[in-house]
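Just below is one structure, and these are the notes that go with it.
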Amino acid sequence: MATKTTPAPAPDGLGRGLFASTDIATGENVLHIPTPFVAVLDKPRLEDTCSGCFGKRHLGNDENTLKGCRGCHVVKYCDKICQAKDWKFAHSLECGIYQQLKPRILPINARAVLRMILRSGRRKYAAEDLEMFLDLETHIKEIREESETQWQRISLCAKAVKTYSGTEMQEEFISAFGAKLDLNSFNLTNAVYDRIGVYLHPHAAFINHSCAYNAVVGFDGDELYIKALRPIPKGDQIFISYIDATNPYPVRQTELRERYYFTCKCTKCEIEASAASAAAPATKGELNLDPTIHKACTLLASASSPATSAQQALSILSSATTLLHTNSIPITTQPFPSLRDELIVSSLSLGKFQNAFAHAALRYTRTDPLVYPETGHPIRQLHAWTLAKLAIHLSQGVAVSTSTSGGSSEGAGEEIALERFEVNFSLIIWSVLGALVGGENAACTVPGFQAMVKAAFADVHREFLAGGLDPRGMGEGIKVEWGKSLGAYMF
């Protein structure tokens, strides 16, 4: 583990926290943990993601063929190297249990708790790491009093783990493991920030929350990176955001209270709490939101439901977008940014690549600079990469849907005819990827993401040079192409 932090008591009743042990520049690693305390894949990702490298070795390779464990047939691997790694780490302890349960596969939390119980029972954890884990908060009292469903899940998980593992640990102790996992785990993501599972390491769990966070989390396989979003002076506390901090104050407070059992009193929350639009903290069932925003949030939730088809989602999102425009809600105010994200996803699902590109271009130029003011923010970097990939597809003549679904220009129902504007996608691609590569020293993305971007940029730049062109001297031309892209779809 490499760290530029020191654990210490945190002020304002925040328990313990991590504090910068030296000045940390933007984009630098605050904390790098190469090996997790526990990390397991979501059940659907067991089929398409290696349980040894967690996708690191096949990043960007859609044709990678995984091989299942011959014993349990639950986990899959790139090859014998990944299999041997996971076998040594924990799978040798659980494989026999998985075999006995076939064809049933345990839920993700049960698999994670089982791994921790088995590894701790075999003394596979470093004493310091295990001690730190045991010191983590459980909030079992609050869980039992306020969330019967969560407590039942934790209790059932403890019963199952005790039965399957054969451990002599009491169920109460195993339940504490489950509660610690619920409260202190991270969403395990791949290098392009798609969730693939759950991750926990006690050292990282000491990092406290703030909606005005100064650091961000990323994963490269099973390696955890905490990076500085802006300069952090020596002695300052490290903060990450446990939730989507772009959401309105009442929504954030509700999420934090229901999931983590605390009320945030960071500077951002204090400022917003004093504003007339958020005069009182949110309570369950009463978000104190502007009625228009509340209705749009409801529509967004409906569109994001797994039961909603892409075509239905597009129609719902179009209605929500029109609602926000009609009521003069800025495109940088939630749920507008989230609506645009979903519009891009739904457009891609329906083959409306031109729509998706137009929304992605608007997000890149008009929304993200205000929603994520730090250029190195990983979400902003990811959105740039998405735009570049869309432009690459369109430049290669990917077939696009020409059907309409009765939407308006303010939604996304009608296919946008970008060909009318004769956009030179190559210059757009070069400018987006070039900006990513040029700013990578201050970027908060993980090494795997940066390597993928650099490789793509090198290919694009090489094609320009092969054609006798150097885009580094084509600044005015790039501006013209951006004007065409945005002119095709403007709010």
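Each reported figure results from applying straightforward, stated rules to the coordinates on display, with no laboratory input. Model, not experiment: these values are computed from the prediction. Note that each Cβ is placed from the backbone with ideal geometry, even for glycine, and that neighbours are counted across all protein chains shown.
General observations
- Model label sites at Ser92 and Ala301, defined 7 Å from Cα along the beta-carbon direction, differ in position by 4.8 nm.
- For region 309-406, the convex hull drawn through the C-alpha positions has a volume of 92 cubic angstrom per residue.
- For the chain: relative contact order, % (alpha-carbon pairs under 8 angstrom, 6 or more apart): 15 percent
- Ranking Gly483, Leu59, Ser21 by Cα position along the charge dipole of the chain, where only Lys, Arg, Asp and Glu carry charges on their C-beta atoms, puts Leu59 farthest toward the positive end.
- Volume per residue that the Cα convex hull of the chain spans, once the total is divided by residue count, Å³: 164 Å³
- For region 338-386 versus region 1-67, the gap between their alpha-carbon centres in whole angstrom: 25 Å
- Region 195-236 and region 134-159 have their alpha-carbon centroids 25 Å apart.
- Between the amide H of Gly68 and those of Tyr77, distances stay under 5 Å, these residues lying 5 or more places away or on another chain, with hydrogens modeled in the peptide plane.
- Cα-based equivalent ellipsoid, region 291-487: semi-axes from gyration tensor eigenvalues, Å: 30, 19, 15
- Here's the picture: charge each Lys and Arg Cβ at +1 and each Asp and Glu Cβ at -1 in region 37-200, and of Ile196, Val40, His91 the one pushed furthest to the positive end of that dipole is His91.
- Neighbourhood net charge (13 Å Cβ-Cβ; Lys/Arg +1, Asp/Glu -1) for Leu390: +3
- For chymotrypsin sites (Phe, Trp or Tyr not before Pro), no site in region 171-252 is both called loop by DSSP and has at most 14 other Cβ atoms within 10 Å.
- Ranked by the mean number of other Cβ atoms within 10 Å of their residues, highest first, the peptides 459-471, 288-300 fall in the order 288-300, 459-471.
- Estimated FRET transfer efficiency (Glu476, Lys80; beta-carbon r; R0 56 Å; 0.05): 0.55
- Signed unit charges on C-beta, dipole axis of region 37-200, positive-most listed residue Cys72, Thr167, Ser147: Cys72
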